[in-house]
Amino acid sequence: MTDSKPLTGGGLLFKVLEQHGVNHVFGYPGGAIMPIYDALVDSNVQHFLCRHEQGASFSAVGYARASGKVGVCMATSGPGATNLITGLADALADSIPVVAITGQVPTAAMGSDAFQEIDIFGLSLACTKHSFQVNHVDELEKVLHQAFEIALEGRQGPVLVDIPKDVQMASVSPTFKATSHLKNKVKLPLADISKALDLLTHAKQPILYVGGGVGMANAIDEVRAFAKETGMPSVSTLKGLGALDTNDKNYLGMLGMHGTKAANLAVHDCDLLIAVGARFDDRVTGKLDQFAPDAKVIHFDIDTAEINKRRVADAPILGDLKENLPLLTMPLNIENWQAKIQQMNNDFAWRYDHPGEGIYAPAVLKEISDLMPNNTCVTTDVGQHQMWAAQHMNFDEPNNFLTSGSMGTMGFGLPAAIGAQISRPHDTIITVSGDGSIMMNVQELATIKRYQIPVKIVLIDNAKLGMVRQWQDLFFDGRLSETDLADNPDFCMLAKSFDIATKQITKKCEVTAAINDMLDHDGPYLLHVKIDAKDNVWPLVPPNSANNEMMESA
Amino acid sequence: MNTLTMNNYTLIIMVDDKQVVLERILQVTRYRGFLINGITAKVNTGNNVATIELFVSSDRPISLLIDQINKLVDIKSVKVDNKASQLSKAKECSA
């Protein structure tokens, strides 16, 4: 670009977004961001008006996770900015590259408790990877480039740029030079693999433990090659689902609190655990000192701070997974261990022969998984339906399963699906939600209507906050507290009011036809699936228990 | 009353003199489970580099805090001043 005519700060923002390949942003206008929304009119960036700033931030997260690009969201000062925070916290916890732009009151009014003034810069410290406040328009171009660079560099994450209104209006002559500005990048040492090689060659019962870092490192091919070449049994975290080949007979599925019995028993018995882009999260480990108690650990990660944070690594390997994992890829002689793994996989396979005429949610999700087109992207909310989706649906890539893993944010699924659909207009996007979760960002049905976004919504409805109800039944003596949602709205009428096609099913015999109707429908669709309020997610590792002490029934 | 083994550490942190860098360090220190016992900070206006001496205590390994502070964008270096740090000093607390 050679155009160096003066721009406003708002105009410069969109020029820089275009430089970074941003075609779509999600946001909501307001007083302190009006100059930016004025400049939007003349830009080539397409804006999607969400109906709550939290929806905008989750759509940016979904956009980023489905596409691998940076998601961008915008909001005004004060409540607009604070409404972004949950989405930013979610992006930080799950390491998602997002750039959030907030309007701020004019610099002269800052610190005076002005109308819609909040110190979003201060609030951002705990929920972003980094943040900026631009106090002069001359800083704006450099800051915006830095924001994109920081969001994508190393362990990815959200960056907030707070821009006062007078800075948005001021005139500036842009340079259009996108040079690297990060002076203090962490230098990682060259990987020392000798210890890891020694552990690997002596292991008799190794397990490959795959996390969300694999997808973010674009190392899916390397991980699958490692699993295939070594023949090593493998397990996945919630965020790692899709990284491994689900047809591999040595793949055991998800581990942890709601992991498969085979995965948890195998990890408990292993003598070597190779953690790849995973961080020994508490929902994975259960009681930490009894997690893989006899195993040595090889830990691959890009983030120095994850090494030895919760489990000491006997052989830490920092750096780029794509470069480092092939260094350990070799055939292993572990036939006895493989035979035991395959036997467990067979013995503890999921069963779908649920008694009665009522609908069994795991069977519905399994059938959707079997029927959905290739490269379908599934998002979820948080709760029982989320765990059933993780257990019973198969994904061929991590960016085809978007779920709020670390933060566990109800309200994530619908706006994330909107973002995913905008980034991948030709793929089927399904959001699996619950009757509690969907109400958390239900206003985004209006966004679906406005842009005719063909998201398919599978609403698993037990008229309860099901996961909390399950825990109250199991661990609080059945004392149910504020988990009954019997007064839910009529979800089909709600969908119709947003011109969304819909159907309710209550019996097993209706499931297959309803799924096909939904998948065949051209536009947005809500499939309302009524299930038994007492269905639980099994297995379940109780709190403060080892993973081999899982419960399989009440 | 629990008795935790609290260790005292002195960190020497070199930073680019950027907006809220001190707040960022204090936030990370608190969140990661370290008590702040004292702090000195001075900016070299010639090169816009600030040197921060941070006196902290915790029952957690200091490497956890060093790794987290190192991740902050404006940090140039973090070191433990071994001479000033006191390990294994028992302290009662009411956690």
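A 28 angstrom limit on the alpha carbon distance is what I want to check against. Which of A:Lys508/A:Lys534; A:Lys69/A:Lys449; A:Lys239/B:Lys76; A:Lys239/A:Lys309; A:Lys249/A:Lys534 exceed it?
Violating the 28 Å Cα-Cα cut-off are A:Lys239/B:Lys76; A:Lys249/A:Lys534.
Rank the residues A:Ser59, A:Ser404, A:Ser67, A:Ser112 as a footprinting-exposure proxy: fewest other Cβ atoms within 10 Å of their Cβ go first.
Ordered by Cβ neighbours within 10 Å, fewest first: A:Ser112, A:Ser67, A:Ser404, A:Ser59.
For a footprinting-style exposure proxy, rank A:Thr329, A:Thr512, A:Thr128 by other Cβ within 10 Å, fewest first.
A:Thr512, A:Thr329, A:Thr128
Can you give the three extents of the C-alpha atoms in region A:14-172 along their principal axes, from longest to shortest, in whole Å?
Principal-axis extents of the Cα atoms in region A:14-172, largest first: 39, 32, 29 Å.
In Å and whole numbers, how far do the C-alpha atoms of region B:2-83 stretch along each principal axis, longest first?
Sorted from largest, the Cα extents of region B:2-83 read 47, 24, 17 Å.
Would you work out which of A:Asn488, A:Leu13, A:Pro331 lies farthest towards the positive end of the dipole of chain A, given +1 charges on the beta-carbon of Lys and Arg and -1 on that of Asp and Glu, about the Cα centre?
Toward the positive end, the furthest listed residue is A:Pro331.
Roughly how tilted is helix A:413-423, in degrees to the nearest 10 and between 0 and 90, from the longest Cα axis of chain A?
70
Can you pull out the trypsin sites (Lys or Arg not before Pro) in region A:475-544 that DSSP calls coil and that have at most 13 other Cβ atoms within 10 Å?
Listed in order of number, the matching sites are A:Arg479, A:Lys534.
What percent do you get for the relative contact order of chain A when only Cα pairs under 8 Å and 6+ apart count?
14 percent.
For region A:196-334, rounded, prolate or oblate, judged on the Cα gyration tensor with a ≥ b ≥ c (square roots of eigenvalues), a/c < 1.5 rounded, else prolate if a/b > b/c?
Rounded is the answer for region A:196-334, as its axis ratio a/c remains below 1.5.
Okay, helix-only estimate at 222 nm for chain A: each DSSP H run of n ≥ 4 adds -39500 (n - 2.57), divide by all residues, round to 500 deg cm²/dmol; what do you get?
Computed mean residue ellipticity for chain A: -10000 deg cm²/dmol.
Can you show me the helix-derived [θ] at 222 nm for chain B, built from DSSP H runs with n ≥ 4 at -39,500 (n - 2.57) apiece and divided by the number of residues, rounded to the nearest 500.
Calculated at 222 nm, the ellipticity per residue is -6500 deg cm²/dmol.
Specify the longest stretch of chain A that does not include any exposed loop site, a site being one of the GluC sites (Glu not before Pro) with a non-H, G, I, E, B DSSP assignment and at most 13 other Cβ atoms within 10 Å.
Longest run free of exposed loop sites: A:1-356.
Order of A:Trp471, A:Trp337 from fewest to most other C-beta atoms within 10 Å?
If I rank by nearby Cβ atoms, fewest first, I get A:Trp471, A:Trp337.
As an exercise, take the mean of 1/r over every pair of distinct alpha carbons in the protein assembly as shown, invert it, and state the Kirkwood radius in angstroms.
Value: 26.2 Å, from the Cα pair sum.
Would you mind calculating the relative contact order of region A:7-172 from Cα pairs under 8 angstrom and at least 6 residues apart, reporting the percent as a whole number?
27
Where the convex hull is taken over the Cα atoms of region A:1-101, what is its projected area averaged over directions, in nm²?
6.3
Report the relative contact order of region A:361-530, percent, no decimals, based on alpha-carbon pairs under 8 angstrom and at least 6 residues apart.
Rounded, it is 21 percent for region A:361-530.
Report, in degrees rounded to the nearest 10, the 0 to 90 angle that the Cα long axis of helix A:220-230 makes with the longest principal axis of chain A.
That works out to roughly 20 degrees.
Is region A:96-159 rounded, prolate or oblate when judged by the Cα gyration tensor, a ≥ b ≥ c being the square roots of its eigenvalues, rounded requiring a/c under 1.5 and prolate requiring a/b larger than b/c?
The shape class here is oblate.
What average number of partner chain Cβ atoms lie no more than 10 Å from the Cβ of the residues making up B:26-39?
Mean number of neighbouring Cβ atoms from other chains: 1.
Every read-out reported here was derived from the displayed coordinates using simple, explicitly stated rules and does not represent laboratory data. Nothing here was measured: the structure is a model prediction, and the numbers come from that model. In this analysis, Cβ positions are derived from the backbone assuming ideal geometry, glycine residues included, and neighbour counts consider all displayed protein chains.
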